[in-house]
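FYI, it's all coordinate maths here, none of it is from the lab. Everything numeric here is computed off the predicted structure, so don't read it as measured data. Ideal geometry is used to build each Cβ from the backbone, glycine not excepted, and the neighbour counts take in all protein chains shown.
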Amino acid sequence: MTSITRRWLQGSLLITVLVVVLAESLFLYNSYQGLYGGVQRAILNRFSTIEGRLQATGTAGDTGDTQASRSQALRRTVEQFEEKDKFEFMLLDSSGSVLATASGTMNQNLAEGKDFYQAQTSASGTGTAIFRTPDGERVMAVTTLVPYAAGGIAAMRMITSLSLIDQQWQRYLLLSLGVVIAVLGFTLWSGLFFVRSIVLPLAQVEAAATRIAEGNLENRLPDTRYNDEIGRLCRTINQMAEALAKTEKMKNEFISSVSHELRTPLTSIKGWVETISNIRDPEDENYRKGIAIISAETDRLYAMVEELLDFSRLQNGIQLHCEVLDLVAEVTDAALFVEARINKEGLHLAYEEPPEPYPVWADPARLRQVLVNILDNAIKYSPPGGTIFITMEHRDTTVSISIRDQGRGISPEDLANVKLKFFKAKNAVRGSGIGLAVVDEIVRALGGTVDITSTLGQGTTVCVILPTYHPGQEHLHQPI
């Protein structure tokens, strides 16, 4: 039994059972009081009528004639009692013995009961008892003391059979028990049905999540017809599996691409090492050319490895050592750093340094890495003779750096994914393909954003937006 089902049985169902049992008890109690109390009230009403008639005989004195008159009136009432088929009406003496009955049968067995003794000790002068006759019949006896002296008559007593009342009570009991069983049965069935509608999908979610965790990223949960929490959870699991599958695919493509990028310079290095190993003259042109190529390819490998290490550090968490920086000075330094390479590639740089400083709270090393990475991409994708534009804009709370090239651009289907880790666009040139992912991670850690716009055949613009420094910002952008 699952824990959810067990908790429901121990919680909600138990409360329902207690409520139903309480309702059943109240119903049976009220029914009992209504049935058997109604019989008692009917007898007491008849006693009240008889006492009213008795009062007519006079209450002013307690002479022998008056008592005899009352005794005679009571005996006449017993003899003329019209409901002999429903009640046995008796007159009792002070010891509880039967003096007269409506049926004329002096059955002393019917005189035995607690009702007479209860009437003698009760403040109201009334007593009630339910017992079985020697024949096994359940009866109710109600006794009330005569309010006025009536010779030897001390009490009036009525006895009636409870057979019909017992049958009615049993019908109530069986009906109520049937209702209780039906309510509890329906509650149990509907509750288990509802719990199963939760437990079974959750079991499917658990099984699917286990298979996904084991690497089966093609596993999917079946569509549910309910648009509730379970349905949304199933759709979220499916979306997660699709995202993981997409990431896994990009990772595999990334590994393949990086392996190819690493193999190319290694092959060149190995080839030139074999070539120059056979050259004895350091002044030989091929010797010098080989050394230069080996050095360039080694730098290329070093840059790629550093980029991969940076990306790994960002994924695992690194510390940002932030301070107040002049963003204008940082951009200018980055432009000067790549200017020689821009000129070497036959490109032009268009940058006009703003006259006033733009203060930001950032890590200088990481900010330099962001700017150099973006400029490196702009250089790689620019055509010969193209221009790279750097513009800066200061607003009330933010400052932005836009770097635009005139290169091949990025296709619309790739533009939404260029900042994802492991993603490499179809028309990408050499490189690991994680430069923009690293840029995005750093800028987001600094509280900024990276926006990329591009048009095929016209170029790409990368805009870095950072918050302007304000006092108290020092506690932000702690180590990530």
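Structure above, values below:
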quantity: Descending semi-axes in Å of segment 103-231, equivalent ellipsoid built from Cα gyration tensor; calculated: 73, 15, 11
quantity: Under 5 Å, built H, 5+ apart or other chain: amide partners of Asp363; calculated: Glu323
quantity: Length-normalised contact order of the chain in % [C-alpha pairs under 8 Å, at least 6 apart]; calculated: 10
quantity: Positive-end extreme of charge dipole, the chain - chosen from Cys322, Thr398, Ile212 (charges on Cβ); calculated: Ile212
quantity: For the chain, size of Cβ-based charge dipole, Lys and Arg +1, Asp and Glu -1, in debye; calculated: 2020
quantity: Cα lying deepest toward the dipole's positive end in the chain, options Thr387, Ser454, Leu336, charges on Cβ; calculated: Ser454
quantity: Lys, Arg +1 and Asp, Glu -1 on Cβ, resulting dipole of segment 143-297 about Cα centre, debye, nearest 20; calculated: 1040
quantity: Mean separation of Cα contacts under 8 Å, 6 or more apart, over the residue count of segment 260-384: relative contact order %; calculated: 25
quantity: Of Leu175, Val142, Val78, farthest towards positive along the dipole that unit charges on Lys, Arg, Asp, Glu beta carbons give the chain; calculated: Val78
quantity: Long-range amide H partners of Leu99 with built H, under 5 Å; calculated: Leu91, Leu92, Asp93
quantity: Mean separation of Cα contacts under 8 Å (6+ apart) over length of segment 131-219, as relative contact order %; calculated: 17
quantity: By average C-beta atoms within 10 angstrom, highest first, the peptides 454-462, 297-305; calculated: 454-462, 297-305
quantity: Residue order, fewest to most surrounding Cβ atoms within 10 angstrom, among Asp363, Asp115, Asp414; calculated: Asp414, Asp363, Asp115
quantity: Modelled FRET efficiency - R0 41 Å, His470 with Phe337, Cβ distances, 0.05 increments; calculated: 0.90
quantity: Computed magnitude of the charge dipole of segment 3-168 (debye, nearest 20; Cβ of K, R +1, Cβ of D, E -1); calculated: 540
quantity: Point-to-point label distance, Leu266-Arg75, nm (Cα→Cβ direction, 7 Å offset); calculated: 13.4
quantity: 222 nm mean residue ellipticity, helices alone, for the chain (DSSP H n ≥ 4; -39,500 (n - 2.57); rounded to 500); calculated: -18500 deg cm²/dmol
quantity: Chain lengthening between Thr5 and Ala182 when straightened (0.36 nm per residue, less Cα-Cα); calculated: 61.7 nm
quantity: Extension gain from Ala245 to Thr453, taking 0.36 nm per residue of separation minus the Cα-Cα distance; calculated: 72.2 nm
